[in-house]
């Protein structure tokens, strides 16, 4: 059973995510501790209350995801929420529980209000990863589920010395849904290409034939850019160390490769080229290809009865549109950069209490060991031990060595726990930033599509205006021709009423 989550804000976005029915086959609200039936309004109220504590993240959102082999009963779901609530120290707090079913697999989302109304303080979220794993381990044992190794409380360092890494990040999962190719399938495809190539140059040619682009990253490493514009680490895809990947790609001149941004632009151009053409071309067709204008003098033919002619925007309109698009794109880029910096800053602030909590825990362990050793060395027991050490100096040396060893083991374990925590927090920050950058890329694609629709609308308006001007000019020429032939509004010249 996997439990993931953390403190957050954004009540409207969270409620929209939990209420989605387009990506979930089934959505059901199992519990809602609120006088309102509106999930978004409830979350907004909980977040608003937290502002009275000067807190920024008034919600605690967690996902409980059991293995697909086990069918959970309503009583088991309720028990899972109860155990996790106790481990997190959120007893008595209002909560919402939402069930999602996707592809026949169920999981639940639980959201608590973090603000304690009696004390007007925020319930602590420190060491929440340990709480998640403790609850997961307890539930696995209680429900008889297969044990899933974890990173902290569920980790046996003798059997699992390496710090575990997530096989698939959230951004990779989203990219797999867009491409229709799962992460294992994509990596199997790239691994098969790697096995069939005996050099980096051959691998580059083969993988580009498969639709990828090999590019250079900001560091010395190589990356792959998919057809959808996602940037993947080549070492991660090949499951190789960075040094081994650079050795394999040694015959590829990295300086000649495009950057990741350039490769994404190339993939975007390929996608645009593969899209069906718009309803009308943005260039004026040859004159001989145009159908002759209908011989009608009195009315303008309706647009649906004629073949729409293409039109070229006037230079002034085209320049104005280009300048406005450039300004809007610059505004969006500036907003994205600011949002990325803000997220990185907030994630760093969120990590500081976790590291401080771990440091306090380590200090408490050291103080406890110091007190235990001092207690053993004082009083009657200490006097007897000192007397025995005097009679047997070797025994005293062994006792001293044992105490030093106990201290070394504690320092070694705490150093590993600190390194593991730092690595986990860095990994979580990278996943959050990657997910934000992916959303930014989608927003840029949506903006470009909006620009294209606007250009087409202006071109269509220009085409209609041109047809109207031609009709007006034709009517003017017809009136002038009639006047020159001697016909006026009152008949031939010389005729009087």
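Extension gain for residue 221-residue 431 works out to 73.7 nm (0.36 nm per residue, less the C-alpha to C-alpha distance). A Förster distance of 56 Å, applied to the separation of the beta-carbon atoms of residue 483 and residue 449, puts the FRET efficiency at 0.60.
Using a 10 Å cut-off around each Cβ, can you sort 143, 43 from fewest to most neighbouring Cβ atoms?
On the way: 143 15, 43 25.
Going from sparsest to densest Cβ surroundings: 143, 43.
In region 95-109, whose amide N lies under 18 Å from the spot 7 Å out along Cα-to-Cβ of residue 71? List them in ranges. Zone members listed by number: 100-108.
The slack in the chain from residue 273 to residue 460, taken as 0.36 nm per residue of separation less the alpha-carbon distance, amounts to 65.2 nm. The distance from the alpha carbon centre of region 396-414 to that of region 246-267 is 51 Å, rounded to a whole number. The modelled label-to-label distance between residue 335 and residue 30, using points 7 Å beyond Cα along the C-beta direction, is 3.7 nm.
Quick check on region 2-143: take the gyration tensor over C-alpha atoms, sort the square-rooted eigenvalues as a ≥ b ≥ c, and tell me if it's rounded (a/c under 1.5), prolate or oblate.
Numbers: a/c = 2.03, a/b = 1.27, b/c = 1.59.
It comes out oblate by the Cα gyration axes.
The simple Förster model, with R0 at 35 Å and r as the Cβ-Cβ distance, assigns residue 13 and residue 359 a FRET efficiency of 0.60.
As a proxy for reagent exposure, 452, 473 were ordered by neighbouring Cβ count within 10 angstrom, fewest first; the result is 473, 452.
Of 350, 65, 328, how do they rank once you tally other Cβ atoms within 10 Å and put the fewest first?
Values: 350 19, 65 16, 328 13.
In increasing order of surrounding Cβ atoms, one gets 328, 65, 350.
Read-outs throughout are calculated quantities, based only on the coordinates presented, and are distinct from any laboratory measurement. Given the structure is predicted, the values throughout are model-derived calculations rather than measurements. Because the Cβ atoms are built from the backbone with ideal geometry, glycine has one as well, and the counts that use them run over all protein chains shown.
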